[in-house]
Amino acid sequence: TQLNEYMETLGCTARELSDASGLSAASLSRYRSGDRVPEPNTEMFDRLCVAIAAAAARSGIQLDADAVSAAFLRCDDVNATNRARFQEKFN
């Protein structure tokens, strides 16, 4: 997943990201495994993006929260989830 790629590239542990984002370890684990997808445009999604951007800054990598958000929104699993929610609400 994109989240795992960020964590690997940045050398960020799940514990560090959980602490920085305020996400529970269980939620982060589900996001990493693909069992759940963070819902875009929510506080938790934004906090995750900010935490990843902060980890990037600590690693000397220039990456802001908006770029992280955009990368997540391009992921197929996020887009598929959004389509499913739209269809469910539409019906």
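The values are calculated or read from the model by the stated rules, or taken from the named source; none is laboratory data. Model, not experiment: these values are computed from the prediction. Here the Cβ is made from the backbone with ideal geometry for all residues, glycine too, and neighbour counts use every protein chain on show. Surface areas here come from the heavy atoms of the whole protein model, side chains and all, with no ligands, DNA or RNA. Shrake-Rupley method; radii C 1.70, N 1.55, O 1.52, S 1.80 Å.
Find the residue count for the stretch 1-36, including only residues that are assigned to a loop (DSSP other than H, G, I, E, B) and at pLDDT below 90.
Number of matching residues: 4.
Return the pairs, sorted by first residue and then second, in which the second residue is modelled with pLDDT under 85, the first residue lies in the stretch 24-41 and is on the phi > 0 side of the Ramachandran plot, the beta carbons are less than 8 Å apart, and the residues are 6+ apart or on different chains.
Filtered contacts from the stretch 24-41: Gly34/Thr1; Gly34/Asp77.
Checking the structure you have, find out if any residue of the stretch 63-77 is modelled with pLDDT of 90 or more and in a loop (DSSP other than H, G, I, E, B).
Scanning the stretch 63-77 turns up at least one residue that is modelled with pLDDT of 90 or more and in a loop (DSSP other than H, G, I, E, B).
Of all residues in the stretch 8-43, how many are closer than 17 Å to Ala71 by Cβ, open to solvent by 60 Å² or more (accessible area, probe 1.4 Å) and not basic (Lys, Arg)?
Residues flagged as closer than 17 Å to Ala71 by Cβ, open to solvent by 60 Å² or more (accessible area, probe 1.4 Å) and not basic (Lys, Arg) within the stretch 8-43 amount to 4.
What is the one condition in (1) of a type in the set (Phe, Trp, Tyr); (2) within 9 Å of the chain's Cα centre (by Cα); (3) modelled with pLDDT under 90 that Phe86 does not satisfy?
Here Phe86 clears every test but (2).
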